[in-house]
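Right, one structure below, let's go through it.
The values are calculated or read from the model by the stated rules, or taken from the named source; none is laboratory data. Remember, it's a predicted structure, so these values are computed and weren't measured experimentally. Just so you know, the surface numbers come from the protein's heavy atoms only, side chains and all, with ligands and any DNA or RNA stripped out. Shrake-Rupley method; radii C 1.70, N 1.55, O 1.52, S 1.80 Å.
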Amino acid sequence: MQTIIITSEKNRHYTLRIDGKPAGTLHYPNWYSQDAEIMVGESAYTIQAKGFWKIHGEVIKDGNPLFEVKTKWRGTVITRAKEMHHFYTLKPKGWFSWAYILESYKGEEVLQLKQEFTWKKLASNYIVTAQKPFEGEDGLLLLLVAAHYYRAAMNTAATATVDGS
């Protein structure tokens with residue numbers, strides 16, 4: 001197993017660290033944005049929210065979609081744009097658990113995401129426990145996309161709780 005930490009730097013900028021070394025970033029242009037910018041190595045990606053409620057999205061590099069993301073009742077489905085049969089599902093680990101898991105299309109758990117909120121800084125860090133070591137740009141990109149949609153699910157839950165819905 002591999003433990004990866006995604007730390008919050010100023011609440012809109014997150015840094016993915018493997019063994020304490022930066023391996024990628026996730027940046028939100030606005031305070032409550034559904035769009036995001038990802039950097040892995042020298043490559044830049046964008047997550048663009050789509051649809052009326054902004055619950056669907058695409059991960060784009062150089063104008064080409066790499067991943068399509070659809071949020072459904074059973075979880076968020078992340079598919080490769082050219083390999084629709086290879087998909088991942090991001091869903092809650094359990095009914096009373098704040099952890100989410102990312103499963104492959106075969107039903108195998110790929111990773112677990114858990115939020116670690118710091119009251120002193122009013123910021124969230126994320127602990128990722130991967131079943132196999134994440135290597136390469138593609139794997140780190142998938143991890144940051146999953147972290148983005150996990151953050152969106154947590155923000156939605158917090159909003160519903162505050163709102164009283």
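At-a-glance table
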{"read-out": "Area of ILE127 that stays accessible when all protein chains are in place (1.4 Å probe, Å², to 10)", "value": "40"}
{"read-out": "Of LYS61/LYS121; LYS50/LYS121; LYS50/LYS82; LYS21/LYS132, pairs whose Cα-Cα distance is over 24 Å", "value": "LYS61/LYS121; LYS50/LYS121"}
{"read-out": "GLU116, GLU103, reordered so the largest accessible area comes first (probe 1.4 Å)", "value": "GLU116, GLU103"}
{"read-out": "Heavy-atom accessible area ranking, 1.4 Å probe, most first, across PHE134, PHE96, PHE87", "value": "PHE96, PHE87, PHE134"}
{"read-out": "Label selected from (1) 7.8; (2) 10.9; (3) 10.2, the criterion being mean projected area of the Cα convex hull in nm² as computed here", "value": "(3)"}
{"read-out": "Fraction of accessible area attributable to carbon and sulfur, the chain (%, probe 1.4 Å)", "value": "55"}
{"read-out": "The chain: calculated mean residue ellipticity at 222 nm from DSSP helix runs of at least 4, using -39500 (n - 2.57)", "value": "-6000 deg cm²/dmol"}
